[in-house]
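Engineer: There's a structure below that I have some questions on.
The values are calculated or read from the model by the stated rules, or taken from the named source; none is laboratory data. Computed from a predicted structure; not experimentally measured. Because the Cβ atoms are built from the backbone with ideal geometry, glycine has one as well, and the counts that use them run over all protein chains shown. For accessibility, only protein heavy atoms count, side chains too; no ligands or nucleic acids. Shrake-Rupley method; radii C 1.70, N 1.55, O 1.52, S 1.80 Å.
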Amino acid sequence: MRFDILTLFPGMITTPLQESILGKAIQKGLIEIRATNIRDFSEDKHRTVDDTPYGGGQGMVMKVEPIARAIEGIKSQSPSARTVSLTPQGKPFDQQRARSLSSEPHLILLCGRYEGVDERVRELFVDEEISIGDYILTGGELAAMVVIDAVARVLPGVLGSERSAEEDSFSNSLLEYPQYTRPYDFRGNRVPDVLLSGNHGAISLWRRKEALKRTWMRRPDLLAKAGLTEEDRELLEQIRQEHGQRT
Ligand code: 4GX
């Protein structure tokens, strides 16, 4: 899968995405990440990419022409590439969206700066707007990296053969159960004994119950859309009763 990032700060992008799992995915040829400087598509001698807003007001707006030329350049080589803009005005990004974007062969990610981008860029070139959350970043670059990381992670082969992205949290709509490793006792804080019991049935049941407990306590909104079994409902009833006893 190919990712083209259009940005005024290409140096922000490439190095962090070459570490660890994504670095290996690049080496294996599973993904290709390219950052393009929008300023390279400005045609005046000052290499202008922004201007003051029509109608007045604070700050600067990114101009349409350099972005248009950058997108058209990529699309002339890859007509089916899908263009995504990162903005707080976009649809909330989640695991479902990460999975659906992972079926695209080529994404163009547009990173705005300043007060935003001339509206005609959205009208003429953007297929989809995405927000990574309800907070304001200084630009779309970190948001684009979040999207690339989450999309690349679900591509076949990226996590390695022994582990599938579908096994984990949000694929089953529950938060993860707690994990432990050695030492058994850290300053009097011991690992739950069931995990040392060797009883795989008991371990699975404990983990499922902990996942349900965490989700119920921290993210009850996720429980509503989780596909709960009859056993899950019984565990939740136990959790409610145990919780009632403690408070
Ligand atoms: N999830 N930002 C974009 C500039 C901007 C403003 C308005 C278009 C319209 C963000 C987020 C985010 C900050 C990226 C403002 N571009 N992006 N930038 N939250 O906060 O994605």
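Engineer: Can you return the lysines within cross-link range of K45? Criterion is Cα-Cα under 30 Å, with same-chain partners fewer than 8 residues away left out.
Structural biologist: By straight Cα distance, K45 reaches K63, K75.
Engineer: A further question on this structure: Would you check the accessible area of K213, probe 1.4 Å, heavy atoms only, in square angstrom rounded to 10?
Structural biologist: Only protein atoms counted, so the area is about 50 Å².
Engineer: Ok, one more. When a/c is below 1.5 the answer is rounded, else prolate if a/b is larger than b/c, else oblate, so apply that to the range 147-238 with a ≥ b ≥ c taken from the square roots of the Cα gyration tensor eigenvalues.
Structural biologist: Details: a/c = 1.85, a/b = 1.19, b/c = 1.56.
Verdict is oblate for the range 147-238.
Engineer: Return, for the Cα atoms of the chain, the radius of gyration and Dmax in Å, separated by a comma.
Structural biologist: 23.1, 73
Engineer: Which percent of the Cα-Cα distances in the range 1-118 go past 24 Å?
Structural biologist: Values: 2234 of 6903 pairs.
Pairs farther apart than 24 Å: 32 percent.
Engineer: Under 21 Å between alpha carbons, and skipping anything fewer than 8 positions from K91 in its own chain: which lysines qualify?
Structural biologist: K91 reaches K225.
Engineer: Something else: Output the peptides 66-73, 77-84 sorted from most to least packed, where packing is the average of other Cβ atoms within 10 Å over each peptide's residues.
Structural biologist: Numbers: 66-73: 18.6, 77-84: 15.1.
Result, highest mean Cβ count within 10 Å first: 66-73, 77-84.
Engineer: Let me ask another. Once phi is turned into θ = phi - 60°, what whole-Hz ³J(HN,Hα) does the Karplus curve with 6.51, -1.76 and 1.60 give for every residue of the range 28-42, x standing for Gly and Pro?
Structural biologist: My calculation for the range 28-42 gives 6, x, 6, 9, 10, 10, 10, 10, 10, 7, 4, 4, 5, 9, 7 Hz in order.
Engineer: To the nearest 10 square angstrom, what accessible area does I21 show with a 1.4 Å probe?
Structural biologist: 80 Å²
Engineer: Taking amide H atoms as placed 1.01 Å from N in the peptide plane, list the residues 5 or more away in sequence, or in a different chain, whose amide H sits under 5 Å from that of S131.
Structural biologist: Those qualifying (amide H under 5 Å, at least 5 residues apart or on another chain) are T87, G90, K91, F93.
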